[in-house]
1. Going through region 135-154 one residue at a time, which ones are in contact with a Gly (Cβ under 8 Å, 6 or more places away or on another chain) and of a type outside the set (A, V, I, L, M)?
2. Would you confirm, using the coordinates I've provided, whether Leu172 is touching a helix residue (DSSP H, G or I) at 6+ places or on another chain (Cβ under 7 Å), farther than 19 Å from Val120 by Cα and exposed (fewer than 13 other Cβ atoms within 10 Å of the Cβ)?
3. Restricting to region 105-120, and then to whatever is touching a Lys or Arg at 6+ places or on another chain (Cβ under 9 Å) and assigned to a helix (DSSP H, G or I), can you tell me which residue is surrounded by the most Cβ atoms within 10 Å (Cβ to Cβ)?
4. Within region 78-89, is even one residue surrounded by fewer than 16 Cβ atoms within 10 Å (Cβ to Cβ), part of a helix (DSSP H, G or I) and within 18 Å of the chain's Cα centre (by Cα)?
5. Any chance region 121-136 includes a residue that's among the charged types (D, E, K, R), outside any loop (DSSP other than H, G, I, E, B), touching a strand residue (DSSP E or B) at 6+ places or on another chain (Cβ under 9 Å) and touching a residue at least 60 places away in the same chain (Cβ under 8 Å)?
6. Condition (residue is surrounded by 13 or more Cβ atoms within 10 Å (Cβ to Cβ), of a type in the set (S, T, N, Q) and in a helix (DSSP H, G or I)) applied to region 153-167: is it met by at least one residue?
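Each reported figure results from applying straightforward, stated rules to the coordinates on display, with no laboratory input. If you're wondering where the values come from, they're calculated on a predicted model, not measured in any experiment. As a convention, Cβ positions derive from the backbone with ideal geometry for all residues, glycine included, and neighbour counts pool all protein chains shown.
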Amino acid sequence: MSHGPKYNVAFKRRINGKTDYHMRQSMILSKVPRLVSRCSLKHVVAQLVESFPEGDKTSVSVHSKELTKEFGWNAPCGNIPAAYLTGFLLGRRALSLGIKNAILDIGLQKPSAGSRIFAVLKGAMDAGLEIPCDSKILPDDTRTDGGHIISYAKQLLDSDSVLYERRFSQYLSKGLRPEECGELLEKIKNKIDVSIRGEKND
C-alpha cells in the first residue's frame with residue numbers, strides 16, 4: 001500500500017468498490033433528486049434521493065412488494081413489467097409531492113440497455129417525471145407491458161403444456177395466466193392513478 005506524508009487514504013466505500021465519489025459529486029452539485037434503482041432476483045426497489053449537508057434524504061420510496069399488497073399485482077415482482085410499474089408508481093407519487101425532475105443514479109451497476117433498471121426509468125418517465133436519458137437504453141413497450149412473456153407463454157402452451165405449467169408455475173399458482181399479463185399491467189396502472197388522486201383529495 002502507498003504511504004508517505006502526501007498519501008490520502010481513500011474512503012472505505014471507495015476502497016470496497018461501493019461508491020464512485022466523482023460521479024456522486026457531480027450528481028449532488030446538480031441539486032436534482034436522484035432516481036436510485038436496485039434490483040434483486042425477486043424484487044425491485046426505486047427511490048428518489050436528495051442530498052443535503054447533513055446527509056441524504058429519501059423523498060419517495062417504492063418497493064415492488066407494494067404492487068402485490070396494495071394494487072393486486074399477482075405476477076412475479078422481479079420481472080421487467082414489475083420494474084416498470086415500480087417506476088410508474090414512484091413517478092406518480094413524486095409528482096403528487098411536487099417533484100417534477102430527477103436524474104438516474106445506477107451506482108456501480110453496469111448499464112445494460114433494456115434491463116430492469118431502465119424499465120424503472122421508463123415507468124417513472126411515463127408517469128410524468130422529466131429525466132434526461134438516451135431513449136435507446138429504454139426497453140421496448142413490448143417488454144414493459146409483458147409482450148415477450150405473453151408471446152413465449154402462447155408458444156409454449158401450443159408446443160408443450162407440461163413445460164408451460166412448469167415455467168409459469170409462479171403465475172398459475174396465483175390464479176394468473178401469463179397471457180393476461182398485459183391486461184393486468186393496465187389495470188394496475190389505473191389503480192395507481194386512482195390511488196394517487198385519492199391521496200391528493202385526503
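1. Matches in region 135-154: Pro139, Asp140, Asp141, Arg143, Thr144, Asp145, Gly146, Gly147.
2. On the way: touching a helix residue (DSSP H, G or I) at 6+ places or on another chain (Cβ under 7 Å): yes; farther than 19 Å from Val120 by Cα: yes; exposed (fewer than 13 other Cβ atoms within 10 Å of the Cβ): no.
Against the criterion (touching a helix residue (DSSP H, G or I) at 6+ places or on another chain (Cβ under 7 Å), farther than 19 Å from Val120 by Cα and exposed (fewer than 13 other Cβ atoms within 10 Å of the Cβ)), Leu172 does not qualify.
3. In this case the residue turns out to be Ala119.
4. No: zero hits.
5. Going through region 121-136, the residues among the charged types (D, E, K, R) turn out to be 122, 126, 130, 134, 136.
So of that shortlist, the ones also outside any loop (DSSP other than H, G, I, E, B) come out as 122, 126, 130, 136.
Filter again for touching a strand residue (DSSP E or B) at 6+ places or on another chain (Cβ under 9 Å), leaving 130.
Next cut, touching a residue at least 60 places away in the same chain (Cβ under 8 Å) only: none.
There is no residue in region 121-136 that is among the charged types (D, E, K, R), outside any loop (DSSP other than H, G, I, E, B), touching a strand residue (DSSP E or B) at 6+ places or on another chain (Cβ under 9 Å) and touching a residue at least 60 places away in the same chain (Cβ under 8 Å).
6. Filtering region 153-167 down to residues surrounded by 13 or more Cβ atoms within 10 Å (Cβ to Cβ) leaves 153-154, 156-157, 164-165, 167.
After this cut, where a residue has to be of a type in the set (S, T, N, Q) as well, the list is none.
No, region 153-167 has no match at all.
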